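In what follows, a single structure is set out as structure tokens and then discussed.
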Amino acid sequence: MKVILLLIIYFRSRVMALNYHLFPKNFIFGTATAAYQVEGAWNEDGKGESIWDRVLHEYPDWVVDKTNGEIACDSYHKYKEDVQLLKSLGIHFYRFSISWSRILPTGKADQINQAGINYYNNLINELLNNGIQPYVTMFHWDLPQALQDEGGWVERKIVNYFVDYAKVLFDHFGDRVKSWLTFNEVLQFCEGGYSLGEFAPFVQKPGVGGYLCGHHVLLAHGATYRLYENYYKEKQNGKIGIAVDCAWYEPDNPNWDKDQKISEITMQMTCGWFLNPIIFGNYPEIMIEMVRQNSLAKSRLPEFTPNEQKLLGGAVDFIGLNHYSTFKVYPATKKLYNQPSLFSDIGGILYHDASWPETAFFYFKIVPWGIRKVLVWIKNHYNNPPVLITENGFGDDGRLDDYDRADYFRQYLYEILKAIQEDSCNVTGYTAWSLMDTFEWMSGYMVRFGLYHVDFNDTERPRNRKLSSYVYSDIITTRRISWDYYPKWPPS
Ligand code: BGC
């Protein structure tokens, strides 16, 4: 009897130990791209011009290798092949974005481009026919140029234009798309596009433009969420999220209060800048205070009216988290810049620890534990909302035997697993960025993130599977991380 009992205990603990390293049964795996980075066909079949088309035609030298997304991966023509690539990976969902100006060439909903609607209908149907769920980002940075001509995201009227666009998307695709992300990385396109002048539309108004842009994006997100909730949700039964990019800002010296404080302020004014309003209805208190302190008569951070706060509070079904890297932060002892900016409002100085391994992007170092800290931070600040990792990935030179990318995925996924199992974080899925090498914005085709290699010198844009894609597929099918699994290489 005693022996049987001992055997039962032994086998139970074995099973538990094995399960411990398994991703939960309902955890989903996917991969992603964005319209401007893969579609090409920049002016085909009635598509309107976007701000990225415009700036990269006007200033070709600004991209490292002087390229642009005119053709990119040619996914506009090769979407069927792309779906087969997805199928071979064994993923559950594909996150792609819709090009606003392909659907509405002038940005406005009074003129719908049927060819654009057809393209996305075909893609969505092809995905579903192959058992892959479409996860659709409405805006991944490629604003219609016609709307930028009216001021773009710093003008209040853009809120209505976006909601009209969202309505067109719900009307045409909502019967089949059940997971929407309104925006991708507001911090990047608002700060990069309207404060620092580093991204399209290259407006330089530091400390002002980014806040205005962010304000209108948040209002557009809130109004879109309510539109869906009131008019579509009952029938279409989908979910609406937003993809925020949250790096982790580690206190320079974790034992010092001042470093802990600046780490928290930096998290609040980057990640919390967008999460706080859509969860609690307003900007983080500390952000309101810091910008006010650093402004002259009136704060440079716009205010939400009580009605807007009501519109925003709780306007999200799941958080999309894009995470690539970690920084260390310590407080600045004197004023940082002679003109206002987000980071002078924050009052922190960032740096990378010299021991952290590099990637091809100098500002992305490999710091796997950072993602776990972000997940715990989100859990603690926002009552453990469902979080889908909407981007995480590794940039290199495009080699096929990408061992470093395979290890990056394993290490980051292991930290995610710990966040789920040891910290009880509500993480529902993971998206590897990206399905294939793409047009990497200001780095052109010099930095590659793909699970598949794309030959951009060949007009056919052939795709080839990289080693890391087999490792990712293995994790998906076994739901565990096998540290020593490598496919036979090169494959026969
Ligand atoms: C963006 C992607 C980009 C990736 C790698 C993210 O910030 O959403 O479009 O390709 O980072 O740089």
Original post:
Going toward the positive end of the dipole of the chain, with +1 on Lys and Arg Cβ and -1 on Asp and Glu Cβ, which of A419, N122, G46 do you reach last?
Top reply: A419
**OP:** Mind listing the long-range amide H neighbours of N322? Cut-off is under 5 Å, sequence gap 5 or more, other chains count too, H placed in the peptide plane at 1.01 Å from N.
**Re:** V244, D245, C246, T390, E391
Original post:
Arranged from highest to lowest average of other beta-carbon atoms within 10 Å per residue, in what order do the peptides 297-305, 431-439, 265-273, 408-416 appear?
Top reply: 431-439, 265-273, 408-416, 297-305
Original post:
When the helices in the chain are scored as -39500 (n - 2.57) per DSSP H run of 4 or longer and the sum is shared across all residues, what 222 nm value do you end up with, to the nearest 500 deg cm²/dmol?
Top reply: -13000 deg cm²/dmol
Original post:
Which pairs break 23 Å Cα to Cα here: K328/K466; K25/K87; K66/K157?
Top reply: K328/K466; K66/K157
Subject >> Solution diffusion estimate, µm²/s, Stokes-Einstein, the range 26-478, Kirkwood Rh from C-alpha pairs, 20 °C, viscosity 1.002 mPa s >> reply: 97 µm²/s
Original post:
So, by mean Cβ neighbours within 10 angstrom, what's the order for 130-138, 255-263 with the highest one leading?
Top reply: 130-138, 255-263
Original post:
Could the peptides 21-27, 82-88 be put in order, highest first, of the mean number of other beta-carbon atoms found within 10 Å of their residues?
Top reply: 82-88, 21-27
Original post:
Say the cut-off is 31 Å between C-alpha atoms; which of K298/K379; K258/K298; K80/K418; K261/K310; K78/K167; K261/K365 go over it?
Top reply: K298/K379; K80/K418
Original post:
What is the range 79-196's relative contact order, in percent, from Cα pairs under 8 angstrom and six or more apart in sequence?
Top reply: 32 percent
**OP:** Give the relative contact order (percent, whole number) for the range 26-478; include only Cα pairs under 8 Å separated by 6+ residues.
**Re:** 17 percent
Subject >> Square roots of 5 times each gyration tensor eigenvalue, C-alpha, the range 384-429, largest first, Å >> reply: 26, 11, 6
Subject >> Cross-link partners of K233 among aspartates and glutamates (Cα-Cα below 19 Å; sequence separation of 8 or more within a chain) >> reply: D164, D171, D175, D317
Original post:
Given 5 Å bins starting at zero, what is the percent of C-alpha pairs of the range 229-268 in each, up to the one with the largest pair distance?
Top reply: 5, 21, 15, 10, 8, 8, 8, 9, 8, 7, 2
**OP:** Could you tell me the largest-minus-smallest coordinate of the C-alpha atoms of the range 405-489 on each of the three principal axes, in descending order and whole angstroms?
**Re:** 48, 33, 17
Subject >> the range 26-478 - share of DSSP beta bridges that are antiparallel (%, nearest 5) >> reply: 20 percent
Subject >> Cα gyration tensor, the range 328-419 - rounded (a/c under 1.5), prolate or oblate >> reply: oblate
**OP:** Could you tell me the distance between the Cα centroids of the range 213-244 and the range 418-452, to the nearest Å?
**Re:** 24 Å
Subject >> Spatial separation of Cα centroids for the range 61-115 and the range 307-352, in angstrom >> reply: 30 Å
Original post:
Dipole of the chain (Lys/Arg Cβ +1, Asp/Glu Cβ -1, origin at the Cα centre): which of G281, Y161, P491 lies farthest to the positive side?
Top reply: G281
Subject >> Dipole magnitude (debye, nearest 20) for the range 26-478, charges at Cβ of Lys, Arg, Asp, Glu >> reply: 1040 debye
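All of the numbers you see were taken from the coordinates with simple rules; none came from a lab. As the structure is a computational prediction, the values presented were derived from the model and not from experiment. Methodologically, a virtual Cβ is constructed for each residue, glycine included, from the backbone with ideal geometry; neighbour enumeration extends over all protein chains shown.
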